[in-house]
Structure formats: C-alpha cells, structure tokens
Amino acid sequence: MRKLRAWMMRLCGLLSFRRGEGDFADELESHVAMHTEDGIRAGLSPEEAHRQALIRLGGAEQTRQAYRERLGLPWLENLRLDARYALRRLRNSPGYTITAVLTLGLAIGANTAIFSLVHAILLRQLPFDEPSRVFTVENGMDAGLGFNMSSKSVVASFNEAAGSFKTIENATMYSSSGVNVELGEGSARRLKAAETGAHFLDVLGVTPRLGRGFASDEDLPGKDHIAVISDRLWRSGFHADPAALGKTIQANGFYFVIVGVLPPQMDFPANVDVWTPTVFDNQTALREAGAYMPTVLVRARANNSAAAVGAELNARAANSRGQGTARASEPAPDARPIVTPIAAELTKSIRASLLMLSLAVLFLLAIACSNVAGLALARTAARRREFAVRTALGATRRRVIAQQLVESLFVAMAGGAAGVLFAHGALRLLYLFRPAALDAFQRPAIDTSVLIFTASIAIAAGMAFGMAPAWLAGDADPGDALRAGTSHASIRGARLRKILVSGEMGIAFVLLVGAGLLLRTMANMDKVPLGYDTKGILSFSVALHGEPYISKQGSSPAISAFCAGVLDQLARVPGVTAVGAVSSPPLDTRADMLLPVMAADGGQRQAGGAPRVASDGYFGAMGIPVIEGRGFSSQDNRTNPRVVIVTKDLADKLWPGQSPIGRPIHCFWYCDGSPRVIGVVSSNRRFGPRGDAISEFYFPYAQQDWTYFTFVLRTNGDPAKLASSARRAVAAVNPSQPVYDLETMRDRLNNNESLLRFELFALSIFAALSVLLVLIGLYGVVSYTVTQRTREIGIRIALGAKRDAVLRSFLRESALITLAGEALGFAASLVVMRLLATALFGVTPHDPKTMIAVGLLFLLVAMAATYLPARRAASIDPMQALRIE
Amino acid sequence: MGGKTDVWQGTLALMTLKTLETMGPQHGYGLARRIEQTSGDQLQLNYGTLYPALLKLEQEGYIRSRWGTSENKRRAKFYELTKAGERQVKKAAAEWEQATEILARFLTPAEEA
C-alpha cells in the first residue's frame, strides 16, 4: 500500500519535476548556509567552512542527482528521453522511416482487414441466449429428431421425441425460402421467410421485442397461421407502428396474423423477414422448389457439449435400429446423427477461406518484419561507433538495447496507424469481391476490438523486427568498434540480412504458389464446357401465387397466359434477340429435386431426373443445343398430345444406343398421358464448372403448370442494360408481381464461384505485395554490400579483376540466396498447399508446373533486383574507391 | 571498532523517524547533526544521502514537510511525523529490537569462546 502510494507520488513528481527540483535547490542552499555558519562559528574561515559543508554533503551535484532520481521514476524518465531521441533519429533519416512505416503499414493493414472479417464472421457473438448451447442435428431421423416425408404428422412425433432426451432441453425444425409477401398495400414484395416449428424461438432463446412468440401447439394445422416479423420489415413496412400486431399479411397467397416483432439483431436464418410456425404444412407450402429439407436445431441442457448430445442421439439411433423401428442396416459413419454447434454451422462455408487468408497475411507480416529488420540492421551497423562510445562512457547494455527497441516500437506504431488507413481501403476492395457467403453476415468494420488487435500486432511486430538490431547494438565491443571502420559485427549483420531475405523468399514462394494454384483453378474452370451460354443473357424470376394463379387439375390458363404475355412483351424490347422461360435455369440456387423417370414403352429402365417446364424459345435463348429431334413450338399446347424433351444423358440411360424420339415416358405427378419425347438437348452443368450435369426432362409450359419461372433474354449488347425493360415487361402483364433475382447469367456464374474469386483476388494481392517486399529487401541487401565493399572492389579492380567477374559474383550470390529461399519455400508449400486442396480444380496442390514457374519468376526477380546495385559495383572507379574514408 | 562507520542500509529511515519523534519538527541539516550526536559521533553521515531518504519517507506518507524559519532566522524546510509515521516508528523499532536481540544470541557465545 505504502509502496503504491510512493509510486503514485513519484509519478506525480515526474509531472511537477521542475517545481520539485527548484524547491530542493532552495533546501540545499539553506542546508549549506547553516552548515557554513556552524563552521564559521567553530573558527573556520568562510571559504573553508563552505568547502567543508560541500564535502560533508558529498557534492552538491551528486546530491541533486540522487534527489532527482528519487523524485521521479528514473526508468520512466529514461523512456521519455529514449522516445525523444528515437523520434529525432527517425526524423533525421526519412528514407528509412518512410520505407519501414509503409512496409509495416501494408502488412499490418492486410492483417487488420482480414482480422475484421474474422472478427465479424468467425468471432461474431450470435444474438441468441447462450448460443453455445444451440446445435444443428443432421441425420437425426433414427433418433426421432428427423423426418422422411413432408407431412404434418412428423411434427407431432418430432415434438414428442424432443422431450425425451437427457441432454436436450428443446428441439425444433426450420427451413427458409423466398416468398411473395403482401402487407395490404396491393403489390407484393419479395422477401425471405422461414417456416419453423413452434419451439423455434425458444430453442434459440430469442424474445420478441414486441408482442409474443409462438405457443407450443401453434405448429399444428388450424393454429399455425400466425407470423412474427423482423424489426427491419416492421420499420420498412409498418413505419415501426405497434399497431402492426394483429394485422394480416399474405405470403404466397396464404394469410398470416402478425403476433410479434423480433429484435433488430435477430437475423437468423440470414435475411429472413417473416417467420411462421407452418413447418410441414402441406396447405401453406411457402417453399417453391420441390425438395423440402428442414434443418433440425436443438438447445442442449446446461453443461452438455456437442459430443454429449451426439452420444445420446447416436445411442438412441442405434437402439431404435435394433428394435426394427428404423432402417435395419448399420448406416455409414456420415449417415449417423451429427451434432454441430450453430456458430460453426453458420460459418462452415467460409471458415477455411478466412483461416487460409489469415495465414497468408501473417506470412506477409513476417516478410515485412524481416525486411524492416534488415533495414534496421544496416542502420545499427552504421551506428556501431556511436554505440561503442556510449558503452565506453558507461551506458549499460540494457540501456542501449532498450533505446533501440523504443525506436523500433515507434516505427511499428506508426506502421500500425498507417495500417489502419490501408485496412479501410483494403476492406472496401475486398468487399467488392466478397463471396456470396458473406451476405449472411454483417458488413465487417474496423471497430474497437479490431483496433486493439492492430495495436497488439504492431507492438509484436516492433519487438520482432527490433530484436535483432537491438541485440547487435548491445553487443558492440567498444574497443573493437572504435578501432576498425567495418568489422566482423557488420559482416555478421550482413549475413543475418541475407538469411532473412532467404527466409522471406521462402514465405513469398508459398504465397505465390498458392495464388498460382488458384489462378490455374480459375483458368481450368473457364475451360469447362457448361452446356449453356453465360454471355449476353439477362435472367429474372417471377413466382405466381394466390388468385388467379391457383392451379386446378394441373393446368391453369392464367399461369400460361401470364407466361405468354411476359414473353411477348420481352420479345418486343429493342436489342433482344431471343427470349425464353424455364422453371429453373442453370446456376439457380433454389433447391432441386430428382424424380424417378421410366421408359413407358415396355423398357424396364429407370433413372433419376429433374422435371422442368420451359417455353418454346428457351433452349435457343439459353444457348442449349438441341441435338436430336426438335425444340418446343407454339403447337405444343393444351389441345395437342403431351410432349417432353430430355437431356442427352437421360436419353442414354433410358434408351441406350437407341433413338429416344417418339418414345413415351412415365414419372410421378407430371406424366399423365405418357408424354412422348420429341427432342434431345445436350446435358448442362447446372451447378457450374465444378458440378456434373444432372439429368433433366422438360415439358412445354402450356401443357404443365408451374408456379415460378425464370425468364431469359438474349442480346448482342450489354444484358445488364435490359433490367428496367424486363421490369416494365412484367408490370405490363401484372403490375403487382414482384420481380426477383434480376441478374445476368455472368453474375450467376460469378456468384457460383464467388468464394474462389475472393480467395484468388485476396491471395494475389498478398502474393504480389510479398514479392514486391522481397524485391526491395534483396535490393537493399545487395546495395548495402556494395557500399560496404567499395574499397575492396576498388582494390581488386586496380589489381586487374575483370568487371564482369565482379558483376557475376554478385549475381551468383543472389542466385544462391534465392535458391536457398526457394528450397525452403518448396518444402513449406508441400505442407501448406494441402489447405487449398478443396478449393482447387483440375490441378494438384503440388502442381509441378506452378512450382517451376514460381521458381523461375523468383530467380528473374532476384536477378533484376541484384543487377542495378551490382552494376554499380562493377563500374567502381578504383582511384575514387580508394580515396573514400 | 575504532573509526566512524557509515550508516547501514535501511537504518537511516528509522533513525530519521525516531529523531523526529523525540525532537519534534526539524530541518534537514538539524536532523543530520542530531543523528550524528545521538550516535555519539560514531556515525559518519553523508549529508547528501539524507535528502533522498527524507523524500522517500515523505512519498510514503510517514513525514510531511513545510517551509519555516530556523532558530537563526534562516528559511528552512521542516519535517515532522505524520500519524502513519508515529505508528511506523513503533513498528520498525520493535522489529529492530527483535532483530538485534536475535543476532546478539548468536554473537554472545562466540565472544565467550
């Protein structure tokens, strides 16, 4: 306690230093005067008395010094002096300071930008009550927490099973999809809705900010036509009016009464605005595509891990299999119940990318630090005399090292500040290339936690690059340094710098190989024939719900009339060369379903295929070639016999080696009247270059109702410019119909590979920066060596050494440094590139071509960086060189 | 033990506090002389070391200082004990007595032998 008080007083003493010192000067003066008077009284002469007083005091200056040290905190005072000295030195060498600050700024900026992504996504605090207790469950069917059919009866047994586990407090299901929502203003808007179980909000632990959630029996038919809405929709649709509670909204033509408004931070599932407890209600069916796969969510009881919940679910599943109430055969490991924390589940699509990029920026920081360390080493070597003098005058090694570190920390902090500026720009740039997966998260920002991170890595970087030069400075042997101009210490510094540059090369090599592999992946994917065009095509979707589009007996004239009307309007838009409509285009993100299709002409063959509905112009507009028979025509209507077009691979499976034209098929739901095949189209990779083609069979839209369509327009110009014409065309037919997913096919393809594009973009920038830094680093080392050896080279040339030989010796040394670095980088790549394995396409993580290309590039870069300073060395004038020093 | 000895580490504070306790408020020079007198001129006090020691005691809150006028009508800084200082004198004195007593037990038989 007393110590702390004294410490505080000393801290204050530091601030009021001058006053304390002045006070003491008076005290000391009065002391000496009294002592002198005593001496005179004892018979001494005034001069002698004064002298004696000072002797007994032990010297006035020494006393003042001892007093000063006690008055303040000497180490803090030293720090202040070191700081002032460091700042002055940095101001005096702007070249070093600017290079170091920019180098560190770039690297710290990259780290800050990536960390702000990590912070916003991987470290996000979910807006749930104790989110660590919420898990998703896959394959829960055998344990009772699942379903194998779309039926409301599943809900009752699910809810019954949910209460029977020791580790699980509550369980629910949910599924989300786009819906047309009408708030009562006449026209619908396209929103996302989630169909959930009654316990959905309880499992998440979310309480409505207004109104109520769902009661536990409100997921039963007849009670389930209620909804809670997002804060966002409450504000945009109801002007934040509490009277929104009790109002009725329409979703896909079904009516729901609003009972609650959720808090603003509740955004799960991402971008959903309407939640209804209608899961598995066949009467509502908010979903559009066929397959219906809700996700199971559970809230564990307190202190139960994912492993504990998983163990209980697995035991239950094994038990029910044993009793024969479930599938009899033992399922594969990945078909057993799998329990995943919700945070991990939400970030699974992007976690690996973010970790990969975090590693990349850490590499970049290592390169930057070692580069700055190299520069600082050269400075230290140049200041050896100064250190030696200070050591000779009594400075302790600790003080010399501390002073160097203070200087490094200043540079690092300035680099950190520059880094924050860079990070703002970098984040904006990265966000332009953001992967689609990022849209589910809040926009990353540089907030306080990110700034704390930045400051921490800046300090760590300062320590890291300051350590080597500080150690070398403290190591100066005064006698040695004062005698010789250059000595073994500066040579040791130069050797250290070469090792550093080699290491930098190794790291940059890894980054460049990574970027190279992603680049090759991108090129490989561009080469994959998709089976449809992506250039010059605009697409948009429309979903038809409610009156008058309710389908009766499989065909509603209103639906085909709408479709025909829109196609007609679109065809009249200037610049449009072809139009078409299809139920689900390639690169669509909606769920799909495969149905068994059989040859109905006596053949036994059966295959899975996805049913589609298309207009007569669709194949032409989308660039899908008709390879046998014909496409649809306007004659394929209600009055004429039913027809179907199949993809090549489906035809090959059903009628191998035979022509399918004229053959009838059979399937569930859509094949009344056994439609006959009139044409074969080529297969297409609907999931993009990475996915295989799936079998499809197409009906003409006039013969088979479908409630949602994607229209496509083909043009020779820029398809994006047709957007407003497309909206007008739909409005001309039905002004209350919302248009959604309005984008070019190119956009759809880019979205499909957005994660790869993001990784490639970010990694390329980091790799390019790293190469630039290595280039600067190597150039610095060679220039420094040339300067150091000017005398020696001068003597050599005077003695008849060939200038070419001098040049070659420098190039050879750089080549050796580079090769050593590359060997290191190659070894590291073999390990690190495995991280990229899942992102790669058509290229192995150890692709020799990429490695060799990167290796050659580095040699080239190294030779370029060496050539300029080496030529300077080779053109040294011996006479001038010998005159220096 | 013929010649004058230096002040042992750590004892100057206690001497200062004890002197202030018995003499009341005192300036630095007076304190120094008084300590030497009390030691029977056995101690050779380096006056310069007294002031940092006084400053330390003041920072720790055992003494306080104010400017006043000496018996010779000279401006001088006077030091006096605080309440905490009075407690500290008793505590430190007790500790020292105990320490010297223990040490004496080691030394006495050695002298007999």
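The values are calculated or read from the model by the stated rules, or taken from the named source; none is laboratory data. Quick caveat, the model's predicted, so the values are computed rather than measured. Glycine also receives a Cβ, built like all others from the backbone with ideal geometry; neighbour counts cover every protein chain displayed.
Here are the numbers for this structure:
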item: Yes/no for B:Gly2 being farther than 23 Å from A:Arg70 by Cβ, at pLDDT below 85 and away from chain A (no Cβ under 13 Å); result: yes
item: Where a residue in the range A:67-80 is within 11 Å of chain B (Cβ to nearest Cβ) and its partner, wherever it lies, is among the polar types (S, T, N, Q), with Cβ under 8 Å and at least six apart; result: A:Arg70/B:Gln59
item: Looking only at the range A:655-691, and only at residues there that are of a type in the set (Ser, Thr, Tyr) and under 16 Å from A:Ile624 (Cα atoms), the one that is surrounded by the fewest Cβ atoms within 10 Å (Cβ to Cβ); result: A:Ser682
item: Set A:Ala66, A:Ala60, A:Ala53, A:Ala83: member being modelled with pLDDT of 85 or more and closer than 20 Å to B:Tyr51 by Cα; result: A:Ala53
item: Verdict on A:Phe200 being buried (at least 19 other Cβ atoms within 10 Å of the Cβ) and closer than 16 Å to A:Asp273 by Cβ; result: yes
item: Leading residue by the ranking (modelled with the lowest pLDDT) among those in the range A:425-441 that are under 16 Å from A:Val361 (Cα atoms) and either crowded, with 16+ Cβ neighbours inside 10 Å or touching a strand residue (DSSP E or B) at 6+ places or on another chain (Cβ under 7 Å) (or both); result: A:Leu430
item: Filtered residues of the range B:51-63 (kept if part of a helix (DSSP H, G or I) and more than 7 Å from every other protein chain (Cβ to nearest Cβ)); result: B:Ala53, B:Leu54, B:Leu57, B:Glu58
item: Test for A:Ala458: is it modelled with pLDDT under 80, buried (at least 19 other Cβ atoms within 10 Å of the Cβ) and closer than 24 Å to A:Arg398 by Cβ; result: no
item: Test: residue in the range A:100-108 that is within 11 Å of chain B (Cβ to nearest Cβ), of a type in the set (A, V, I, L, M) and either in contact with a Cys (Cβ under 8 Å, 6 or more places away or on another chain) or not in a helix (DSSP H, G or I) (or both); result: no
item: Matching option when the condition is in a helix (DSSP H, G or I) and either out of contact with any Asp or Glu (no Cβ under 7 Å at 6 or more places or on another chain) or modelled with pLDDT of 90 or more (or both), among A:Ser116, A:Ser187, A:Ser150; result: A:Ser116
item: Selection count where residues are of a type in the set (A, V, I, L, M), modelled with pLDDT of 95 or more and out of contact with any Gly (no Cβ under 9 Å at 6 or more places or on another chain), scope the range A:537-565; result: 1
item: Flag if A:Gln62 is more than 50 Å from the chain's Cα centre (by Cα), more than 9 Å from every other protein chain (Cβ to nearest Cβ) and over 30 Å from A:Ala352 (Cα atoms); result: no
item: Candidate set: the range B:70-85, residues that are outside any loop (DSSP other than H, G, I, E, B) and more than 10 Å from chain A (Cβ to nearest Cβ); chosen: the one surrounded by the fewest Cβ atoms within 10 Å (Cβ to Cβ); result: B:Lys83
item: Hey, A:Phe238 under 30 Å from A:Leu595 (Cβ atoms), in contact with a helix residue (DSSP H, G or I) (Cβ under 8 Å, 6 or more places away or on another chain) and aromatic (Phe, Trp, Tyr) or not; result: no
item: Those residues of the range A:850-885 which are farther than 24 Å from A:Thr785 by Cα and touching a Gly at 6+ places or on another chain (Cβ under 9 Å), in sequence order; result: A:Thr850, A:Met851, A:Ala853, A:Val854, A:Gly855
item: Which listed residue is assigned by TED's automatic domain parsing to the domain that holds A:Leu430 and either touching a strand residue (DSSP E or B) at 6+ places or on another chain (Cβ under 8 Å) or among the aliphatic types (A, V, I, L, M) (or both), from A:Leu811, A:Leu749, A:Leu742; result: A:Leu811
item: Residue in the range A:123-135 that is closer than 30 Å to A:Ala373 by Cα, of a type outside the set (Asp, Glu), exposed (fewer than 15 other Cβ atoms within 10 Å of the Cβ) and modelled with pLDDT under 90 present; result: no
item: Selection status of A:Gly416, among the small types (Gly, Ala, Ser), in a helix (DSSP H, G or I) and surrounded by fewer than 17 Cβ atoms within 10 Å (Cβ to Cβ); result: no
item: Flag if A:Arg56 is among the charged types (D, E, K, R), at negative phi, away from chain B (no Cβ under 14 Å) and surrounded by 15 or more Cβ atoms within 10 Å (Cβ to Cβ); result: no
item: Single residue of the range B:19-29 satisfying the filter (buried (at least 19 other Cβ atoms within 10 Å of the Cβ) and not polar (S, T, N, Q)) that is farthest from the other protein chains (Cβ to nearest Cβ); result: B:Leu20
item: Sole exception among (1) in the same structural domain as A:Thr647 (by TED's automatic domain parsing); (2) closer than 30 Å to A:Ser783 by Cα for A:Ala561, by number; result: (2)
item: Options A:Tyr67, A:Tyr85: the member that is of a type in the set (Phe, Trp, Tyr), surrounded by 14 or more Cβ atoms within 10 Å (Cβ to Cβ) and in a helix (DSSP H, G or I); result: A:Tyr67
item: Flag if A:Gly39 is under 25 Å from B:Gln26 (Cα atoms), away from chain B (no Cβ under 11 Å) and surrounded by 19 or more Cβ atoms within 10 Å (Cβ to Cβ); result: yes
item: Selection within the range A:618-640 - within 43 Å of the chain's Cα centre (by Cα) and either crowded, with 20+ Cβ neighbours inside 10 Å or farther than 15 Å from A:Gly679 by Cβ (or both); result: A:Tyr618, A:Phe619, A:Ala621, A:Met622, A:Gly623, A:Ile624
item: Candidates A:Arg808, A:Arg883, A:Arg803 - the one that is free of Cβ contacts under 8 Å to residues at least 12 places away in the same chain and over 27 Å from A:Arg379 (Cβ atoms); result: A:Arg808
item: Test set (1) within 20 Å of A:Thr715 (Cα to Cα); (2) touching a Phe, Trp or Tyr at 6+ places or on another chain (Cβ under 7 Å) - A:Pro574 fails condition number; result: (2)
item: Whichever residue in the range A:23-36 is of a type in the set (D, E, K, R) and exposed (fewer than 15 other Cβ atoms within 10 Å of the Cβ) and, among such residues, is farthest from the other protein chains (Cβ to nearest Cβ); result: A:Glu29
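Yes or no, residue by residue, for (1) in a loop (DSSP other than H, G, I, E, B); (2) surrounded by 17 or more Cβ atoms within 10 Å (Cβ to Cβ); (3) away from chain A (no Cβ under 12 Å); (4) modelled with pLDDT of 85 or more:
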{"position": "B:Trp8", "(1), (2), (3), (4)": "yes, no, yes, no"}
{"position": "B:Leu31", "(1), (2), (3), (4)": "no, yes, no, yes"}
{"position": "B:Asp41", "(1), (2), (3), (4)": "yes, no, yes, no"}
{"position": "B:Ser65", "(1), (2), (3), (4)": "no, yes, no, yes"}
{"position": "B:Gly68", "(1), (2), (3), (4)": "no, no, no, yes"}
{"position": "B:Arg87", "(1), (2), (3), (4)": "no, no, no, yes"}
{"position": "B:Gln98", "(1), (2), (3), (4)": "no, no, yes, yes"}
